[in-house]
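Below: the structure, in structure tokens.
The values are calculated or read from the model by the stated rules, or taken from the named source; none is laboratory data. Bear in mind the structure is a predicted one, so any value in this text is a computation, not a measurement. Backbone-built Cβ (ideal geometry, glycine too); neighbour counts: all protein chains shown.
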2 protein chains.
Amino acid sequence: MTESTTACPVLPTRGPAHPLGLAQVSVTGGFWGVRQAVNATATLSHCESWMERLGWLANFDRVADGTTSPDRPGWPFSDSEVYKLLEALAWEAGRTGDPEAEWAIKRLTARVGQAQDPDGYLNTCFGHGGRPPRYSDLEMGHELYNTGHLLQAAVARLRTSGEDELVRIARRAADHVCRTFGADGLPKICGHPEIEVGLAEFGRALGEDRYVEQARLFLDRRGHGTLRDIPLGRAYFQDDIPIRQADVWRGHAVRALYLTAAAVDVAVERGDDDLLRAVERQWERVVERRTAITGGMGSRHQDEGFGEDWELPPDRAFCETCAGVASIMVSWRLLLATGDVRYADLIERTLYNVVATSPSPDGRAFFYANPLHQRAPGNPADENEVSPRAEAGVRAAWFDVSCCPTNVARTLAGLGAYLATTDDDGLQIHQYAPCTIRTELPDGRQVAADVETDYPESGTIRVRIAADEPAPWALSLRVPAWAAGARLIEDGRERPVGPGPVTVRRAFRSGEVITLDLPMEPRFTRPDPRIDAVRGCVAVERGPEVLCVESHDLPRPDALDALVIDPLTPPRADSGGALVRGRLPAHADRPWPYAPATAPTQPGEPGEPGESSRSGGSGEPGESGESGGWFDVPLRPYHSWARRGPSSMRVWLPAPPTS
Amino acid sequence: MTESTTACPVLPTRGPAHPLGLAQVSVTGGFWGVRQAVNATATLSHCESWMERLGWLANFDRVADGTTSPDRPGWPFSDSEVYKLLEALAWEAGRTGDPEAEWAIKRLTARVGQAQDPDGYLNTCFGHGGRPPRYSDLEMGHELYNTGHLLQAAVARLRTSGEDELVRIARRAADHVCRTFGADGLPKICGHPEIEVGLAEFGRALGEDRYVEQARLFLDRRGHGTLRDIPLGRAYFQDDIPIRQADVWRGHAVRALYLTAAAVDVAVERGDDDLLRAVERQWERVVERRTAITGGMGSRHQDEGFGEDWELPPDRAFCETCAGVASIMVSWRLLLATGDVRYADLIERTLYNVVATSPSPDGRAFFYANPLHQRAPGNPADENEVSPRAEAGVRAAWFDVSCCPTNVARTLAGLGAYLATTDDDGLQIHQYAPCTIRTELPDGRQVAADVETDYPESGTIRVRIAADEPAPWALSLRVPAWAAGARLIEDGRERPVGPGPVTVRRAFRSGEVITLDLPMEPRFTRPDPRIDAVRGCVAVERGPEVLCVESHDLPRPDALDALVIDPLTPPRADSGGALVRGRLPAHADRPWPYAPATAPTQPGEPGEPGESSRSGGSGEPGESGESGGWFDVPLRPYHSWARRGPSSMRVWLPAPPTS
């Protein structure tokens, strides 16, 4: 690894928080270390072999051979999967120096490169024999989207290894894009944003501002009806409203989020505070009104899109894995641009409950959609088959639209770069994983620390200082917003610390330990009453993890339809999960599920049809009555659901008044 | 009109209930009379002119001229719109003898007929120059679907006017289908069921059993993976499970329902009680678990399909107008096959709350989807533009996929045929509209009655006997399942009558009146607790109408997000609608909408985030507190929503415990 640059995916030229690269932060184990290892040893080769098997790699050979034809396998965006895999491999090679990853990069780079046209154009779906002409379907063709991912891969390579053939390919492709779509070129944009974020970072990585400028041009062209209208409307690809004027993210979630990531980059590079503030307002509105408790974004299957405010159905939540990755891209950029740890809060939630949910423990199967309620168990997946469906209720080895596996892979491989930042006076640790941090501040103060924790198994995070530095510096730790009751322990003294950053500033000696203790008791969480779809329900969270109930742990297959929870008995810890008190009221078979509201049996409790009996009038939930007795319902982390085979599952649990 | 046959869409050769035709039942005004008149004077010509403007009619000319080409306008199913319009025109001409309708039939028939190939094949999308070959896309090509609608149009013509050119065209098309897909032909089916129900009825109408047999063959071929798999899965077109083995309707709702209608026809014609019972069980499960309170079916936008059991989101309910029409087709056939009035209950609900909801008062704009909750008002529709979107929140003049307007038109024109039946001993009136009924029983007893009512404005239905008949006969009236407290008044004597059929059997004299009085006070309705999406909510119904709240009637644009209802104060009648007590609690702006469940302030009432204050502890909803005082919230019939311009709207109203 070249140590002269910071090996990280986002490196702004200004901003209050400076990212640390993979040479400065190294994950040494724990929750994420295991996942990085599985990613390295299984997922990367899994992705390459599927792309080979399906002909997505051979598509590059066919361009080189001049044997392209109408029957090309794969969607128009399949090239991008190769580039996302290259990005993942580059972070992996940078992180560990793994020669396998290095060989794979060279192997794939050679195949990609041979398909590049002399003018820099590089695409296996358009522009060659038997294929539609270049840029003939900007709405749905994904040509510039593919190029954006090529540029992100080249950034990873450049920052971990230096300029190589992949970087040169990317440079030619970027130059082609600037010539074709520059200020004097085609005044068009791509239906799927991504070129913008790729160009902006490639420009940063090379110090070539014209790439950043091209990104700005694409951004400013968007929102004026530049693309053709489609049945889903121009909001689908964010061409309905200019980004500076929009109040909220809408349409296809991944599109909206990739675009927004680029907007932060451009705002930072151009000192455009209005644009930055617009994005912050959009983030605030989406986080308040359009985000699942998992951090998942995108409520609709139809367009893989955001719905309206408060439209957050657990059963039909799409919460695409890629939208989780993209949300982290946005929040990380905002954190770097503002230093505000609220963005790290959302990143943590999304990492544990979206990104970690997608891959199976063996790294060879993935969730594409991440609903919060699975009504009917899926069918067991065939590991040798491509899943045509993104929402099967089981992890699939590969998808027809297989954007998620490589997105998970590149995120996990580069995860070290998202854990901590520095500013002029010290170190900020944002995410808690066992890791080593070695860096220095701009004035040369040595900042070195080892994080020791089995978080989120426990909430104890020990930061062990690893270098004597006589000059004081500031160590900031993020107390997550959920962590009411957190404590900081230093020199044997313990003090309560509120959510937000907690900072210790002084001279540190090697070996001393600052301990953050986060409360890991499972807790009930209530939704805003405006979220109609989960009215009257509670979720159970533990630390950063959202928990869920699976049918595996219930006595009857349809029990999840009937289960109600006692909200007055707090959840109890149970080996990394929780136990709550629940019961299974019997339900009458009624021919019609809507019935007159009967006179209430208790003030404030209108009659409900369907429940054939109810517990007596004393209001004590301990009474079992005829409607089923109370029993302990186990909950497990949502990210581990469906590991024990297909199941039904729910995060939000009905918790009716028990009086 | 030829009086020798019964002019109705479904005429089984056996079964306990005999349909009456348009010559026997004539709607004379009222709720449906107005809609029939608007349909006749506006909608029929509106549909024809849009099909002309968009080239869907010219597609037939192009086949005749040999000028077909790859750029054919319209979807592959656009031919079916012409046939559904022909069916509507045939019922209209049969109902009123309107010469305009008669001319339109001849005009359209001539145009259609010229496009028929010598072997009977008739389709403008496939099988001619520049077009894909015949039956080259059975999954999505809709060729046999189109033919099915042609056959239904021919049935309408045959039963209202007799054999004419349209009937001859249909016969040639049906013969072509039997030759091509018969027992010795291609063992295939169409991705969109409809040919089955068309063939079965055409066979009945002509007394040609081989058409019924072809319908049976298509039915029995289905469910065995006969069609290619698609990303949505074979359940989308019901090719996943044979119909006799299925427990429930699933996949695309209109497809499932058209198929089921044919299954009832085949079961009746073949005396196949197992098949009939299978369909009844499917109906029961769907009505219990997959039907909106409006009668709407199809919870998902993505596939216009049924979701899982209990998946009934009001905001994303698709409830396609055509699925409402198709549900009525199924329930009407089941009513004829069993005599059970529960089917008429569902028909009533669907007529008032789905079919009546679609058209605007002027009959020139339509809803395609019928959600029960509109979060953001739609944009005003341009009456000169085709809506690319089926879910705009406003009625549109025409749609890119414009199946609904002609489906409404044919249903309204033929509505008289769904109001009443006879059996061997008398008359059953199923739906209440002002109408004249003139028929005779098989043994010659004269049955004549005039129904006088302004139902559902009022609940008083007067059946005035219109012929002296010395032999006793039985008059049955349906007391809807919702009508607890109904009364029958006869000879000045009044008695309570329970839901279900109520029968008066005796000799009737002309002029005497039997009065059914249905309770029309608005009422609260609670959902089964397993319907997660509306937990803690009430709906308000009045008679057969579901009511709704529109933003027009609330003080703030976002008030519908905050509105809560007092469930302890029953709704009060208010000029065809209702008033309920509601308030608008203030909501705190929170950065994250999920918050710890705080200690309850009252037993049984866990804390909820987002509501910044709550009324005091006395449990009296009359206290306004800081969170907004109680006020009267007006509700209007759901079918009339969005008539006053774009609005947000909801049927299900949060009604939290008010203690």
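Summary table
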{"read-out": "Selection count, region A:567-594, where residues are more than 14 Å from every other protein chain (Cβ to nearest Cβ) and of a type in the set (Asp, Glu)", "value": "1"}
{"read-out": "Tally, over region A:399-419, of residues that are touching a Pro at 6+ places or on another chain (Cβ under 7 Å) and not in a helix (DSSP H, G or I)", "value": "2"}
{"read-out": "Any hit, region B:420-429, residues being surrounded by fewer than 24 Cβ atoms within 10 Å (Cβ to Cβ), without any contact (Cβ under 8 Å) to a residue 40 or more places away in the chain and part of a loop (DSSP other than H, G, I, E, B)", "value": "yes"}
{"read-out": "Odd one out for B:ALA397, checked against (1) surrounded by fewer than 24 Cβ atoms within 10 Å (Cβ to Cβ); (2) touching a strand residue (DSSP E or B) at 6+ places or on another chain (Cβ under 6 Å); (3) away from every other protein chain (no Cβ under 14 Å)", "value": "(2)"}
{"read-out": "Count of residues meeting criterion [under 18 Å from A:ARG159 (Cα atoms) and either among the β-branched types (Val, Ile, Thr) or not in a helix (DSSP H, G or I) (or both)] in region A:54-103", "value": "3"}
{"read-out": "Of all residues making up region A:531-557, the number that are more than 25 Å from A:ASP340 (Cβ to Cβ) and not in a strand (DSSP E or B)", "value": "12"}
{"read-out": "Lone qualifier among B:PRO242, B:PRO231 - being more than 24 Å from B:ARG172 (Cα to Cα), out of contact with any helix residue (DSSP H, G or I) (no Cβ under 9 Å at 6 or more places or on another chain) and in the same structural domain as B:GLU163 (by TED's automatic domain parsing)", "value": "B:PRO231"}
{"read-out": "Residue match in region B:485-498 (condition: within 29 Å of the chain's Cα centre (by Cα), at positive phi and small (Gly, Ala, Ser))", "value": "yes"}
{"read-out": "Yes/no for A:VAL27 being crowded, with 23+ Cβ neighbours inside 10 Å, of a type outside the set (Lys, Arg), within 30 Å of A:PRO456 (Cβ to Cβ) and at pLDDT 95 or above", "value": "yes"}
{"read-out": "Members of region B:440-473 that are among the small types (Gly, Ala, Ser), at negative phi and free of Cβ contacts under 8 Å to residues at least 40 places away in the same chain", "value": "B:ALA449, B:ALA471"}
{"read-out": "Selected residue [more than 23 Å from B:ARG410 (Cβ to Cβ), in contact with a Leu (Cβ under 8 Å, 6 or more places away or on another chain) and more than 14 Å from every other protein chain (Cβ to nearest Cβ)] from B:ALA267, B:ALA263, B:ALA278, B:ALA323", "value": "B:ALA267"}
{"read-out": "Pair list, Cβ under 6 Å, 6 or more apart: region A:298-315 residue more than 8 Å from chain B (Cβ to nearest Cβ), other residue part of a loop (DSSP other than H, G, I, E, B) and among the polar types (S, T, N, Q)", "value": "A:LEU312/A:SER299"}
{"read-out": "Number of the exception - A:ALA471 against (1) surrounded by 15 or more Cβ atoms within 10 Å (Cβ to Cβ); (2) assigned to a strand (DSSP E or B)", "value": "(1)"}
{"read-out": "Hits in region B:283-297 - residues which are surrounded by fewer than 21 Cβ atoms within 10 Å (Cβ to Cβ) and more than 10 Å from every other protein chain (Cβ to nearest Cβ)", "value": "B:ARG285"}
{"read-out": "Residues of region A:76-89 satisfying the condition of being crowded, with 24+ Cβ neighbours inside 10 Å and farther than 26 Å from A:THR160 by Cα", "value": "none"}
{"read-out": "Residue identified as surrounded by fewer than 16 Cβ atoms within 10 Å (Cβ to Cβ), assigned by TED's automatic domain parsing to the domain that holds B:LEU227 and either over 16 Å from B:GLU48 (Cα atoms) or among the polar types (S, T, N, Q) (or both) among B:PRO73, B:PRO133", "value": "B:PRO133"}
{"read-out": "Answer residue from region A:529-559, given it is over 19 Å from A:SER458 (Cα atoms) and more than 13 Å from chain B (Cβ to nearest Cβ) and is surrounded by the most Cβ atoms within 10 Å (Cβ to Cβ) among those", "value": "A:VAL549"}
{"read-out": "Counted residues, region A:236-258 - those being in contact (Cβ under 8 Å) with a residue 60 or more places away in the chain, out of contact with any strand residue (DSSP E or B) (no Cβ under 8 Å at 6 or more places or on another chain) and within 14 Å of another protein chain (Cβ to nearest Cβ)", "value": "1"}
{"read-out": "Per-region count, region B:157-203, residues under 19 Å from B:VAL266 (Cβ atoms), in contact (Cβ under 8 Å) with a residue 12 or more places away in the chain, part of a loop (DSSP other than H, G, I, E, B) and not basic (Lys, Arg)", "value": "8"}
{"read-out": "Selection status of A:LEU275, of a type in the set (A, V, I, L, M), in the same structural domain as A:LYS188 (by TED's automatic domain parsing), out of contact with any Phe, Trp or Tyr (no Cβ under 9 Å at 6 or more places or on another chain) and surrounded by fewer than 20 Cβ atoms within 10 Å (Cβ to Cβ)", "value": "no"}
{"read-out": "Residue tally, condition small (Gly, Ala, Ser) and touching a residue at least 12 places away in the same chain (Cβ under 8 Å), over region A:580-600", "value": "4"}
{"read-out": "Verdict on B:ARG526 being free of Cβ contacts under 8 Å to residues at least 40 places away in the same chain, in a strand (DSSP E or B) and buried (at least 21 other Cβ atoms within 10 Å of the Cβ)", "value": "yes"}
{"read-out": "Number of the condition not met by A:PRO499 [criteria: (1) within 14 Å of chain B (Cβ to nearest Cβ); (2) buried (at least 18 other Cβ atoms within 10 Å of the Cβ)]", "value": "(2)"}
{"read-out": "Residue under evaluation A:ILE293, criteria (1) in contact (Cβ under 8 Å) with a residue 40 or more places away in the chain; (2) not in a loop (DSSP other than H, G, I, E, B); (3) not acidic (Asp, Glu), criterion not met", "value": "(2)"}
{"read-out": "Residue within region B:477-488 that is in contact (Cβ under 8 Å) with a residue 40 or more places away in the chain, assigned to a strand (DSSP E or B) and outside the structural domain of B:TYR352 (by TED's automatic domain parsing) present", "value": "yes"}
{"read-out": "B:GLY511 being over 25 Å from the mean Cα position of the chain (by Cα) and modelled with pLDDT of 95 or more", "value": "yes"}
{"read-out": "Of residues in region B:518-528 being in contact with an Asp or Glu (Cβ under 8 Å, 6 or more places away or on another chain) and closer than 19 Å to B:TYR455 by Cβ, the one nearest to the other protein chains (Cβ to nearest Cβ)", "value": "B:ARG523"}
{"read-out": "Residue check for A:ASP265: of a type in the set (Asp, Glu), under 19 Å from A:ASN407 (Cβ atoms) and crowded, with 24+ Cβ neighbours inside 10 Å", "value": "yes"}
{"read-out": "Pick from region B:201-216, criterion touching a Cys at 6+ places or on another chain (Cβ under 9 Å) and within 22 Å of B:VAL279 (Cβ to Cβ), ranking: surrounded by the fewest Cβ atoms within 10 Å (Cβ to Cβ)", "value": "B:GLU213"}
